[in-house]
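Written out below as structure tokens is the structure these notes cover.
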Amino acid sequence: MSENATQALHGFTALGVAERLAPTWASHREQIEAVSAPCTAALLHTLDPKPGDTVLELAAGTGDTGFDAAERVGAEGRLISSDFSPAMLDEARKRGAERGIKNVEYEVIDAAKIGLEDDSVDGVLCRFGYMLMHDPAAALAETRRVLRPGGKVAFAVWASPQRNPFFMIPAISLIQRGHMPPPEPPPAPGLFSMADPERVKSMLHDAGFEEARVEEVPLTFPVPSANAYLEFVADTAGPLAIALQGLSEDQRAEVLADVEDSLARFAAEGGGYPLPGLTLCAVGS
């Protein structure tokens with residue numbers, strides 16, 4: 001890697017990345033939620049929270065997926081909105097207040113060491129979290145432990161890199177130009193570390209879930225321009241964001257040119273670049 005890239009990425013843990021990006025992630029919340037809406041709907045349909053249920057959301061980010069569940073469980077139910085990043089949880093608190101969610105508790109939780117009693121929740125939600133965890137197997141085992149008999153976990157991860165050009169277009173440029181290292185293969189954490197449906201089902205079974213199902217849910221990322229696209233990625237996309245933030249003006253211009261070339265094949269007649277995406281929505285019970 002280049003010296004600038006090494007300096008940009010040096011010392012950033014997963015927690016450090018989340019803490020740094022929390023404010024800018026929150027500034028794009030509406031766009032993120034709009035893109036993720038089909039996935040969120042699939043998760044809530046699968047979990048099917050009932051009035052009076054207690055739902056735990058892990059890696060909640062700004063919290064909207066869990067807040068949708070909180071509205072379903074009603075005043076007699078409870079949501080535990082959690083993230084391992086205090087800064088992300090602060091953003092969730094702000095969003096919960098905006099939405100007027102009253103039946104919610106906010107907790108900093110490491111998913112691999114959930115500080116709740118056995119059999120204490122009816123459902124667990126996690127949208128785009130397990131794949132980034134250092135030990136997702138331990139996190140899934142902890143999830144199973146805190147679920148009551150009959151409870152379910154519903155979570156989403158990204159499918160293969162080939163089906164998600166939104167992430168791959170800038171990543172390929174950054175890697176080829178030496179601004180970030182190639183991703184480590186699974187089981188190392190990363191956007192695509194749980195992209196194999198059979199591996200996801202196997203992990204659920206290993207964690208103690210008797211039933212495990214995975215379905216594909218497509219998304220579309222509306223990209224108005226290459227520059228807006230890079231700005232969004234630099235505000236939200238984990239290590240990609242950190243790498244982009246560490247570029248000089250000239251280096252960013254080179255990456256932008258690469259991105260413009262790659263986007264051309266997705267150009268729409270009316271303008272913009274609707275990029276396809278694919279998620280895997282899994283349920284364990």
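The values are calculated or read from the model by the stated rules, or taken from the named source; none is laboratory data. Computed from a predicted structure; not experimentally measured. Ideal geometry is used to build each Cβ from the backbone, glycine not excepted, and the neighbour counts take in all protein chains shown. What goes into the accessible areas is simple: the full protein's heavy atoms, side chains included, and nothing from ligands, DNA or RNA. Shrake-Rupley method; radii C 1.70, N 1.55, O 1.52, S 1.80 Å.
Tabulated values for the structure
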{"read-out": "Region 76-176 - percent of accessible surface contributed by carbon and sulfur, probe 1.4 Å", "value": "51"}
{"read-out": "Inter-probe distance in nm under a simple model that places probes 7 Å from Cα toward Cβ, at residue 34 and residue 93", "value": "2.9"}
{"read-out": "Where a label projected 7 Å from the Cα of residue 199 along Cα→Cβ would reach, residues of region 120-135 with amide N under 15 Å", "value": "129-135"}
{"read-out": "Å² of accessible area per residue within region 126-168, as computed with a 1.4 Å probe and no ligands counted", "value": "36"}
{"read-out": "Net charge of neighbours whose Cβ lies under 12 Å from the Cβ of residue 14, counting Lys and Arg as +1 and Asp and Glu as -1", "value": "-3"}
{"read-out": "Full-stretch length increase - residue 188, residue 19 - with 0.36 nm per residue and alpha-carbon distance subtracted", "value": "58.8 nm"}
{"read-out": "Under 14 Å, Cβ to Cβ, from residue 176 - net charge with Lys/Arg +1 and Asp/Glu -1", "value": "-2"}
{"read-out": "With eigenvalues of the C-alpha gyration tensor scaled by 5 and rooted, the chain, Å", "value": "32, 19, 19"}
{"read-out": "Along the chain, longest interval not containing exposed GluC sites (Glu not before Pro), exposed being DSSP loop plus at most 15 other Cβ atoms within 10 Å", "value": "118-209"}
{"read-out": "Separation in nanometres of the label points that stand 7 Å from Cα toward Cβ, at residue 231 and residue 253", "value": "1.9"}
{"read-out": "With eigenvalues of the C-alpha gyration tensor scaled by 5 and rooted, region 135-285, Å", "value": "34, 18, 12"}
{"read-out": "Label-reachable residues, region 247-275, where backbone N falls under 19 Å from a point 7 Å from residue 176's Cα toward its Cβ", "value": "247-248, 250-267"}
{"read-out": "Along the chain, longest interval not containing exposed trypsin sites (Lys or Arg not before Pro), exposed being DSSP loop plus at most 12 other Cβ atoms within 10 Å", "value": "114-285"}
{"read-out": "Reference-scaled alpha-carbon Rg (2.2 N^0.38 Å with N residues) for region 54-156", "value": "0.97"}
{"read-out": "Residues listed by number, region 217-251, amide nitrogen under 18 Å from residue 264 label point at 7 Å toward C-beta", "value": "225-227"}
{"read-out": "The chain - charge dipole about Cα centre, Lys and Arg +1 at Cβ, Asp and Glu -1, debye rounded to 20", "value": "240"}
{"read-out": "Value of [θ]222 nm, deg cm²/dmol, for the chain, DSSP H segments ≥ 4, -39500 (n - 2.57) each, nearest 500", "value": "-14000 deg cm²/dmol"}
